[in-house]
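Enquirer: Attaching a single structure in structure tokens format; questions to follow.
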Amino acid sequence: MRQLRFGSVELRPMRLRDRSAWLRLRSANKKWLDPWEATLPGQANFEIPFFSLLVAYRAEWRADRMYAFVMLNEGHLVGQVTVGGISRGSQSSAYIGYWVSESHSGRGITPVGVALATDFCFDELGLNRVEINVRPENLRSIRVVEKLGFAKEGFRRQYLHINGQWRDHHLYALCKSDCPEGLLQRCRSLLENKTASVGATRS
Ligand SMILES: CC(C)(COP(=O)(O)OP(=O)(O)OC[C@H]1O[C@@H](n2cnc3c(N)ncnc32)[C@H](O)[C@@H]1OP(=O)(O)O)[C@@H](O)C(=O)NCCC(=O)NCCS
């Protein structure tokens, strides 16, 4: 797999040595992430231990079902981007999910991660279509997909169980033919400007 990196942002598979940084990040951002986290119906406070998560991610990767990446900024773990729901054959599609720590939000890091993952879907996995589903209340996430030029295609009632309830979602999607040059390339100036200008003002 070619390296997935642009500027200070990198995506790579999770490793065993990510454990302490991962646990720290997840615990520090619980309040920030809870409203947007997928939950299991009837199972309150369900937490998968780090090692089980790593094993599951590796098995899913090998089976070509899901590709979970940790997202790094300047070499530090700051979030996650996941390519899931992979369908091959006549459909050849996947969805992308993502989060970033509150302290690294607003710096344009996630749009870079999503662009890298989208190009990975088209170029490495050979898929034709990538979907992103966002709750109508999640204005920050809607900005991410709109900035990247995903098309709003519809509304999915009670699409996912999030933070303890079935939640409606907007459906956004991008097809390979929408950006033959690649999403990163198409959004290059937007992504460079945002990370550069914020990077200059924040440590
Ligand atoms: C949604 C999310 C991934 C956006 O990531 P990000 O790296 O901050 O993305 P951006 O820096 O491009 O910010 C997106 C927009 O939200 C705004 N924003 C980001 N963080 C903010 C904050 N803490 N306070 C106010 N506004 C904020 C930005 O200004 C930006 O809008 P702009 O481009 O018009 O300036 C991030 O907010 C997050 O992880 N939220 C919690 C989990 C989540 O919602 N996941 C997505 C589920 S679909």
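Enquirer: For a quick protection proxy, order the peptides 83-89, 9-15 by their average other-Cβ count within 10 Å, most packed first. Before the final figure, lay out the partial values.
Expert: On the way: 83-89: 14.3, 9-15: 18.3.
Top to bottom by mean Cβ count within 10 Å: 9-15, 83-89.
Enquirer: In the neighborhood of ASN128, defined by Cβ-to-Cβ distances under 13 Å, what is the net charge if each Lys or Arg adds +1 and each Asp or Glu adds -1?
Expert: Taking every Cβ under 13 Å from that of ASN128, the sum is 0.
Enquirer: Which of these, LEU40, LEU148, LEU184, has the largest mean-square fluctuation under a Gaussian network model of the chain (Cα springs below 10 Å)?
Expert: LEU40
Enquirer: Just how many pairs of Lys in region 4-198 have C-alpha atoms closer than 25 Å, counting pairs that are eight or more places apart or on different chains?
Expert: Close lysine pairs found across region 4-198: 5.
Enquirer: What is the Rg over Rh value, at two decimals, for region 1-107, using alpha-carbon atoms and the Kirkwood definition of Rh?
Expert: Numbers: Rg = 14.5 Å, Rh = 15.1 Å.
Using Cα coordinates only, the ratio equals 0.96.
Enquirer: So if the hydrodynamic radius of the chain is defined as the Kirkwood radius over C-alpha pairs, what does Stokes-Einstein give as its diffusion coefficient at 20 °C and 1.002 mPa s, in µm² per second?
Expert: Calculated translational D: 123 µm²/s.
Enquirer: Under 12 Å from the Cβ of GLY7, count the other residues' Cβ atoms, weight Lys and Arg +1, Asp and Glu -1, and hand me the total.
Expert: Value of the local net charge: +1.
Enquirer: Once you've got the GNM for the chain with C-alpha springs shorter than 10 Å, pick whichever of ARG143, ARG24, ARG65 has the biggest mean-square fluctuation.
Expert: Among ARG143, ARG24, ARG65, the largest mean-square fluctuation in the Gaussian network model of the chain belongs to ARG24.
Enquirer: If the chain between ARG26 and LEU53 were fully stretched, how many nm would it gain, using 0.36 nm times the residue separation less the Cα-Cα distance?
Expert: 8.4 nm
Enquirer: What chymotrypsin sites (Phe, Trp or Tyr not before Pro) does region 10-59 have in DSSP loop regions with at most 10 other beta carbons within 10 Å? Spell out each step's value before the answer.
Expert: Numbers: sites: TRP22, TRP32, TRP36, PHE46, PHE50, PHE51, TYR57; in loops: PHE46.
Passing both the DSSP loop test and the Cβ count: PHE46.
No lab work stands behind these numbers, since they all come straight from the coordinates. What you see is a predicted model; the values in this text were computed from it and never measured. A quick note on method: Cβ atoms are made from the backbone with ideal geometry, for glycine too, and the neighbour counts reach across all protein chains shown.
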